[in-house]
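Worksheet: one structure, shown below.
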Amino acid sequence: MKLEEKGKIIPPPVLDKYPQMVSTEIQQWKNIISATHWHFSDNTKVDGADFYVAEQELGHIHLDGSVHLAAGEELKKLFLSNNLAKKFQYGENWVEFKISSEKDVQKAILLFQLNYERINGISLDDLITKLASVITKNN
């Protein structure tokens, strides 16, 4: 969905501690557009922070720390096969996970970053290599 189709475009709200750490990081990336994420059935009710790269949605973080990431088919498979996210029931190539701890912050930034790089044309092989090196490093 295009940003302007989601409702009034205003700066994103301040989220709780850990989700806000992720939001702050993403907002610093080149060409990121961040805005308020409106409730699905009421585009006057704030429900989190949206992140876009130009017109393409990167994903969003809800007020409760839930993340919905527009990962594309191949990246979605990679995240699911590595147990980094769950399938999102409302979007074909979307995944979901929750930010509720400091450890979740690093994972969320990584998943958003891989998706950001995918949108910016980085090859799937390079994304797989990058993810593998992070997984190896953390084990």
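The values are calculated or read from the model by the stated rules, or taken from the named source; none is laboratory data. Since this is a predicted model, take the numbers as computed values, not measurements. Neighbour counts are summed over all protein chains in view; Cβ atoms, including those assigned to glycine, are modelled from backbone coordinates with ideal geometry. Each accessible area value is taken on the protein alone, full model and side chains, heavy atoms only, with ligands, DNA and RNA left out. Shrake-Rupley method; radii C 1.70, N 1.55, O 1.52, S 1.80 Å.
The figures follow:
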item: Helix-only CD estimate at 222 nm, as mean residue ellipticity for the chain, using -39500 (n - 2.57) per DSSP H run (n ≥ 4); result: -12500 deg cm²/dmol
item: All-pairs alpha carbon distance profile, the chain, 5 Å steps from 0, percent; result: 2, 10, 21, 24, 23, 13, 5, 2, 0
item: Cβ crowding within 10 Å averaged over residues, with 127-136, 60-69 ranked highest first; result: 60-69, 127-136
item: Asp42 accessible area, assembled protein chains, probe 1.4 Å, Å²; result: 60
item: DSSP loop GluC sites (Glu not before Pro) with at most 15 other Cβ within 10 Å: longest gap in the chain; result: 1-54
item: Percent carbon-and-sulfur accessible area, the chain, ignoring ligands, DNA and RNA, probe 1.4 Å; result: 51
item: Probe 1.4 Å, accessible area per residue of the chain, Å²; result: 57
item: Set of lysines with alpha-carbon distance to Lys45 below 27 Å, sequence-local pairs under 8 removed; result: Lys2, Lys6, Lys8, Lys17, Lys86, Lys87, Lys98
item: Solvent-accessible area of Trp94 with every protein chain in place, 1.4 Å probe, in Å² to the nearest 10; result: 50
